[in-house]
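This report concerns only the one structure given below.
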Amino acid sequence: MGAHRYVLLAVQAVLFACMIGVGGGFAQSSANEAPDYSNWEQVATEAEEAIAEEATPTARLTELREVLSGWRANFLDAESINRDRVATLRAQVAALGTAPDTDAGETEPPDIAARRSELTSRLADAEAPQLRALEAYNRANGMISEIDDVVRTRQTEALLEAVPTPANPANWPPAFEALYDVARDLASEAVDTFGSEIKRRQILRRLPVTLAFFAASILMLMRGRSWMTYLTDFVQGGGRWQGRLVIGFVISITQVLVPLAGFLLFIAAVASLNPSGSTGLSLLEGLVWVVVIVYGALWLVNRVFPLEPGLPTLFDLEMAPRRRLRRSGILIGSFMGAWAAVQGVTGLESVAPSAAAVLNLPIFLALGYGYWRLSRQLVRALKAASSDEAQGFGMWALLVMGRLLGVVALIGPISALAGYNALATAVTIPTGYTLGLVGLFIALQWPIRDLYSAVTRTNLETAGDALVPVLINGVLLIAALPLLGLTWGMRPERLGEIYARVMEGIPLGDTRLTPGVVLTVALVFAGGYMATRLLQRALKSSVLPRTSLDAGARNAVTSFVGYVGIGLAALFAITSGGIDLTALAYVFGALSVGIGFGLQNVVQNFVAGIILLIERPIGEGDWIEVGGQMGTVKSISVRSTTIETFDRQEVIVPNADFISGTVTNWTRGSDIGRAIVEVGVAYGTDTRRVETVLLEIAKEHPVVALYPEPSVDFLGFGSSSLDFRIRVILRDVNRILEVTSEMRHRIAERFAEEAIEIPFPQQDLWLRNPETLRRSSASSAPPSVPRARPDGPEGAGEDADGADT
């Protein structure tokens, strides 16, 4: 399979998808127009006969499949014929009530029975086109599945078809003969071109133009890439201004386009010679893909693993692994180009499959070596990467790809050596194109971030952590999936089938959940959500501040409007998409028991949040204490309440704790609160004097309210002190810590001035047997020498044991 075939397959897939999107060609008709079933019977009969015939060519089956796909799309649209009329008739029949059970002897009034019979007959007539379209749809769908099975089986058989092993030298002569035949044809065409006198004159007459084309093509092929590389490096390396990576990326594409344009000029120069035969031009046209692949590989390697300092690279790899990965990428790209060149020869009808296997074998062996080398280097480099980005999904995906490359490096060459040339091609070549797509995706990462940073006026690091670049990458991955499918052998018809299935959607009650319905629901919900937010903002900033409601009530009203608005937006979005809520009710009813058990805490907190918003026992800005946590309420949501502690930490408290637990609200309704300061004085202090001093200290603080007046309580006689307590009412309880601290400072200062002592803790120690302690002390002391007393005879003042009395 030539390299250009993948591009042709992609173009075919796009055209086929467009054909499906507009209704499947000639068979498509209006949704209100019944299909031509007589014509359909002829097409269906012909298709069934072709499927039953084993000798039917694959191309013919593919053609029939496209026709059947168009009819199937037509039948799908025909299922909506009389839909509104059918819905109306069903509603009329339902309005008549339940039909009587004739077996049980039930009857109904004659006029009602006649009306019911008439409506039932009309309903059957209205439903008939839908039922016929559904039957034809199932028939077409079944034949399409049969064709897919036949083609898939044939592809598998062709993939496992073996030729004589190309490793046997006895099988090499046919390959050399094929090359010789190609060279002979080229020589024959050259002789025919220059052998005629008339043609020589024509060539001489066009020689200036031909030489100009040849000169321009050689110049562009030899120097074009280096010139464009210099221009790209000049733009990207010229400072740190935003947008340089985007512009540099766009300019760098000319590193492929300029050499390609040069080769096209070379083909134009050869065509101007008016050569005889088509072999030479066919080979040159095949070499176009060689130029694209080789120069594209060089461009990708330079974008993914740049050597210029200051340019970002994959996971901040060091320069040494970059160079090794570059060499491996260039090796793979070169042999992919060589394979495309060989395909120009093996694609000729005169080349046998065995000869093609011999010519492809060296390329498969070289590509296997390149994949094995890239696998080892990639895994080693990624494991040594130290950037934060290397710890995410991207590194995991590349590591998996690196290990899979090692598997492909074995399967491809072994299959080629065993003679399974088709299998080796199906494994080795798509791997190279997949590496190209992955390289392109990686090369786009930094331009995307640079563009986002230029738009948002942020740096590259911030752009790398933003959500928008990630969403863009997701879109790129989804867009790359069809290309990956085509690369790995998916037929365009199969891709069109997937597209048709997606566009058909899935049945949901009496409607189908299609991408159009999903988009409609999303847009309507987005519009309702934006309208709700605008209404909330208008209420919060313009309407509610003009009312007599306090801040907590205003927040409650705003939150309630938000919940109602979002609920209504969801309801309108679902109904606007034509989704029957009755069908969803059965699903929700079946899941309600499990959801009730699994989400009972969530529901409990939700109900508690609604109660908090209605009763408003707490509000934003209140100083509260709940569950051992004290702080200021920052926000109240449906599920939880956020409290900011005095340590500037945010604590998330479930709303159920406010309903079932005890909550202390220090500032609800008023900022007035009480503060208490306790102090002890030494025994023997004048208690009346202490009371007077403490009252003076309490009254002199500016935050302390004079009414109710501060008071001092004599609490009692403590173990070490006389205990007093100051009780004051503060105008702003939020300053309670500041006030109590300042009052303690004043107490220390005034007590020092008044010589009032604040005692240390005191304890009395009692010994029950002191005589035992004295005897123990005496027995452990060294023997003493008798001393003479100047005031009496020896032994005076001592007891019998020699101890002092």
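The values are calculated or read from the model by the stated rules, or taken from the named source; none is laboratory data. On a predicted model such as this, the values are computed, not experimentally measured, just so you know. Here the Cβ is made from the backbone with ideal geometry for all residues, glycine too, and neighbour counts use every protein chain on show. All accessible areas refer to the heavy atoms of the entire protein, side chains included, with ligands and DNA or RNA removed. Shrake-Rupley method; radii C 1.70, N 1.55, O 1.52, S 1.80 Å.
Let me check I have the definition right: for the range 475-572, take the eigenvalues of the Cα gyration tensor, multiply each by 5, take square roots. What are those semi-axes in whole Å, largest first? Write down the numbers at each step before the final one.
On the way: eigenvalues 436, 51, 13 Å².
Value: 47, 16, 8 Å, ordered largest first.
With the alpha-carbon atoms as the only input, what is the per residue convex hull volume for the range 35-189 in Å³? Write down the numbers at each step before the final one.
Details: hull volume 34.4 nm³, N = 155.
Output value, Cα hull per residue: 222 Å³.
Taking R0 as 41 Å, what's the FRET efficiency between Leu96 and Arg546 from their Cβ-Cβ distance, rounded to 0.05? Numbers along the way, then the final one.
Working: r = 55 Å, r/R0 = 1.33.
Once the sixth-power term is evaluated, E becomes 0.15.
Lys540: which aspartates and glutamates have alpha carbons under 18 Å from its alpha carbon, excluding same-chain residues fewer than 8 sequence positions away?
In chain and number order, the partners are Asp550, Glu620.
Going by accessible area, probe 1.4 Å, with all protein chains left in place, what is the ranking of Ser328, Ser334, largest first?
Working: Ser328 0, Ser334 55 Å².
The residues order as Ser334, Ser328, largest area first.
Rounded to whole Å and sorted largest first, list the principal axis extents of the Cα atoms in the range 330-380.
Over the range 330-380, Cα extents along the principal axes are 46, 17, 10 Å.
With a 1.4 Å probe and all protein chains kept in place, how do Thr641, Thr425, Thr156 rank by accessible area, largest first? Show your work: numbers first, answer last.
Numbers: Thr641 0, Thr425 20, Thr156 70 Å².
Order by accessible area, largest first: Thr156, Thr425, Thr641.
Using θ = phi - 60° and the Karplus form 6.51 cos²θ - 1.76 cosθ + 1.60, what ³J(HN,Hα) does each residue of the range 737-747 get, whole Hz, x for Gly and Pro?
5, 5, 5, 4, 5, 5, 5, 5, 4, 5, 4
Along the Cα→Cβ direction, 7 angstrom out, place labels at Arg115 and Glu63. What is the inter-label distance in nm?
5.9
Per-residue HN-Hα couplings for the range 136-145, Karplus 6.51 cos²θ - 1.76 cosθ + 1.60 at θ = phi - 60°, whole Hz, x for Gly and Pro?
Each residue's phi maps through the Karplus curve to give 5, 4, 5, 5, 5, 5, x, 5, 5, 5 Hz.
Determine the distance separating the Cα centre of the range 36-51 from the Cα centre of the range 469-533; give it in Å without decimals.
Between the Cα centres of the range 36-51 and the range 469-533 lies a distance of 32 Å.
Across the Cα atoms of the range 355-510, what radius of gyration and what greatest pairwise Cα-Cα distance (Dmax) are found, in Å?
19.7, 60
Return the loop-located trypsin sites (Lys or Arg not before Pro) in the range 679-772 (DSSP other than H, G, I, E, B) with at most 12 other Cβ atoms within 10 Å of their own Cβ; answer none if there are none.
Details: sites: Arg688, Arg689, Lys699, Arg725, Arg727, Arg731, Arg735, Arg744, Arg746, Arg750, Arg768; in loops: Arg731, Arg768.
Those satisfying the criteria are Arg768.
Quick one: compute a quarter of the convex hull surface over the Cα atoms of the range 614-697 and quote it in nm². Write out the running numbers ahead of the final one.
Values: hull surface 33.2 nm².
Approximately 8.3 nm², given one-decimal rounding.
Given H placed on each backbone N at 1.01 Å, which residues far from Thr641 in sequence or on other chains put an amide H within less than 5 Å of it?
Residues meeting the criterion, in which the H sits 1.01 Å from N, are Val653, Asn655.
Restricting attention to the alpha-carbon atoms of the range 482-534, what are Rg (one decimal) and Dmax (integer), both in Å?
Just the Cα atoms of the range 482-534 yield Rg and Dmax of 16.6, 51 Å.
With each label point set 7 Å from Cα along the Cα-Cβ vector, what nm distance links Ala522 and Arg323?
Rounded to a tenth, the inter-label distance reads 4.8 nm.
Taking the Cβ-Cβ separation of Met630 and Leu186 as r and a Förster radius of 56 Å, what is the calculated FRET efficiency to the nearest 0.05?
Working: r = 92 Å, r/R0 = 1.64.
So, using R0 = 56 Å, E works out to roughly 0.05.
At a temperature of 20 °C and a viscosity of 1.002 mPa s, determine how fast the range 284-439 diffuses translationally according to Stokes-Einstein, using the Kirkwood radius over alpha-carbon pairs as Rh; express D in µm²/s, rounded to the nearest whole number. Could you put the intermediate results ahead of the total?
On the way: Rh = 16.3 Å.
The estimated diffusion coefficient comes to 131 µm²/s.
How many angstrom lie between the C-alpha centres of the range 421-455 and the range 326-345?
Cα centroid to Cα centroid, the span is 16 Å.
Relative contact order of the range 249-351, please, whole-number percent, based on alpha carbon pairs below 8 angstrom and at least 6 residues apart. Could you put the intermediate results ahead of the total?
Details: 74 pairs, mean separation 34.0, N = 103.
Reported as a whole number, the value is 33 percent.
So who's got an amide H within less than 5 Å of the one on Ala705, skipping anything under 5 residues away but keeping other chains? H placed 1.01 Å off N, in plane.
Here Ile729, Leu730, Arg731 satisfy the definition.
Give a residue-ordered list of calculated ³J(HN,Hα) values for the range 43-48 (Karplus: 6.51 cos²θ - 1.76 cosθ + 1.60, θ = phi - 60°; whole Hz; x for Gly, Pro).
5, 5, 5, 4, 5, 5
Which value in Å is the Kirkwood Rh of the range 260-347 over different Cα pairs? Intermediate values should be presented prior to the final figure.
Numbers: mean 1/r = 0.0671 Å⁻¹.
Here the Kirkwood hydrodynamic radius works out to 14.9 Å.
Given R₀ = 30 Å, FRET efficiency for Leu410-Phe176 by Cβ-Cβ distance, to 0.05?
Plugging the Cβ-Cβ distance into 1/(1 + (r/R0)^6) gives 0.55.
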